[in-house]
1. Would you calculate, for the chain, the mean residue ellipticity at 222 nm contributed by helices, counting each DSSP H stretch of 4 or more residues as -39,500 (n - 2.57) and dividing by all residues, to the nearest 500?
2. Taking the Cα centre of segment 399-498 as origin and charging only Cβ (+1 Lys, Arg; -1 Asp, Glu), how large is the dipole, in debye to the nearest 20?
3. Where the centre of each part is set by its Cα atoms, how far does segment 431-460 sit from segment 164-202, in angstrom?
4. How much length is gained if the chain between GLN351 and THR461 is pulled fully straight, taking 0.36 nm per residue apart and subtracting their Cα-Cα distance, in nm to one decimal?
5. Divide the volume of the convex hull of the Cα atoms of segment 330-396 by its number of residues and quote the answer in cubic angstrom per residue.
6. I'd like the FRET efficiency for MET304 and ASN491, computed as 1/(1 + (r/R0)^6) with the beta carbon distance as r and R0 of 51 Å, rounded to 0.05.
7. Considering segment 394-469, what Rg and Dmax in Å follow from its alpha-carbon atoms?
8. Need one word for segment 267-411: rounded, prolate or oblate. Basis is the Cα gyration tensor (sqrt eigenvalues a ≥ b ≥ c); a/c below 1.5 gives rounded, then a/b vs b/c decides.
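The values are calculated or read from the model by the stated rules, or taken from the named source; none is laboratory data. Since the structure is predicted, the reported quantities are computational estimates derived from the model, not experimental observations. For neighbour counting, all protein chains shown are included, and Cβ atoms are generated from backbone atoms with ideal geometry for every residue, glycine included. These accessible areas exclude ligands, DNA and RNA; they are computed on the full protein's heavy atoms, side chains included. Shrake-Rupley method; radii C 1.70, N 1.55, O 1.52, S 1.80 Å.
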Amino acid sequence: MKHPRQALLTSPVPLSLSFLRLSRAPAALLALCLGAAAFAQAPALQPEVEQFTLANGLTVIVKPDHRAPTAVHMLWVRVGSMDEVDGTSGVAHALEHMMFKGTPTVKPGDFSKRVAALGGRDNAFTARDNTGYHQQIPAGKLEDVMRLEADRFAHMQWPDEEFTREIEVVKEERRLRTEDSPRAMLFEQATAITFLAAPYRRPIVGWMSDLDAMTPNDLREFYKRWYVPANAAVVVAGDVTVAQVKKLAEKYYGGIPARPVPVRKPRTEPEQDGMRRLDYKAPASQAYVSMSFKVPKLEPADLMQPASPAAGAQPSPTAAASRDALALTVLSAVLDGYGGARLDRALVQGQGQGNERVADSAGASSGLIGRGPQLFVLDGVPAEGKTTQQVTEALRRQVALVAREGVSEAELNRVKTQWVASETYKLDSVASQARELGSNWIQGLPLDGSARLIAQLRTVTAAEVQAVAAKYFGDDQMTMATLLPQAVDPNRKPRKPAVTIRH
């Protein structure tokens, strides 16, 4: 990842980010072949998808794709680090590790061995909003992995000594991915002061003190509370049929007893009324600065509405904020959504005001959809001889330039063409299709949520982009985090992991 943002501990890309970092060459090729204007208006390809709910409340989503004899099976649980409480941060991620440690019929560590013996591969991930488990296997082995996953979901158990060993792996993962990385530590601490009440303030991997104090029963209680059928979805994509998957889902998941999903209490982030600042000192070769601005998010209900509502239709109470969230997404793409975008040209190539190169890298991203509050982030690494203050000023100048002069239709068409291209090229991977469907379900979006999002983004105007650039980038809603490099000990040797990291 370009930025050390700890949105996920492993690979799946949330919907709010998947449109910001696209493969640029395919979009350009399609635009050249079809004509940019025509391609930008082309409807996204949407193979048929079906969704049904078992009697116990488990959601099942099936997307047949018969181009290759392979299938992807994913189990999504709508629980992540945001559902934890203080004192047990990291429990969702630790539980993800322990889900590989056995059931009454599968010995600790045997789950992955069995998947490998089927000719497949498997892994898992923990995010703020969810936890997921996935396998890619020959299509003929689908029943085997559904049996394994349903057994694990319903009957997870392990002895305390397995936890004692595995929690050390989790701690080593924290050391390797966070504590050994100055930018990751900066991000972790900046997030903790950006949010006060919102649960996104806690790191996904957990605070080390919480991991030190964690007990096996902390994980067991979290599992019993949240791993219930009505809080989970099974997604299957690939060389399968809906009837086949439905039969297997009923056979292996249908017998899991239904239980109510715990009531989630609101943890609303209070209004921020002044800039927050973090200066973080650490051994590093380069400085770095990040500015995070609180911005609205797209509400799923608003995505359900037509991109161009009928005359006289009453907008939802959140419609204006959702519309701003879409415009902010377009703004981030105009600033940093393709090679040679505004930030790259002005700050890195030195083609901006004064023709002065101030940064080795500069970026922009905007949260769009999530269970918690979202941020728009501007960041950069100063070029040699430049300061973080100069980078900060240059980044804000580019946003102010949009607020003052707007953006061109050519810029809008370019980013919209890329988004439409992504809808076509994602179909090359059944794993990507399954991840997208699962992510949409987690956020409460319909099966065609991505196509709806593209349709809404294509209606965003230059005036709307200009308006949000003028609205959301004041000091009062900003958290500024600066990495202040300290001398690196030349005698310090790279630390070798004490245990093997599974991810």
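1. Values: 18 runs with 197 residues, N = 503.
Calculated from helices alone, the mean residue ellipticity at 222 nm is -12000 deg cm²/dmol.
2. Numbers: 12 positive and 11 negative charges, 117 e Å.
It works out to roughly 560 debye.
3. 29 Å
4. Working: separation 110, 0.36 × 110 = 39.60 nm, distance 2.58 nm.
Fully extending the segment from GLN351 to THR461 adds 37.0 nm.
5. Details: hull volume 5.6 nm³, N = 67.
Per-residue hull volume (Cα only) is 83 Å³.
6. Working: r = 60 Å, r/R0 = 1.17.
Once rounded, the FRET efficiency stands at 0.30.
7. 15.6, 44
8. Details: a/c = 2.78, a/b = 1.59, b/c = 1.74.
Because a/c hits 1.5 or more and a/b fails to exceed b/c, segment 267-411 counts as oblate.
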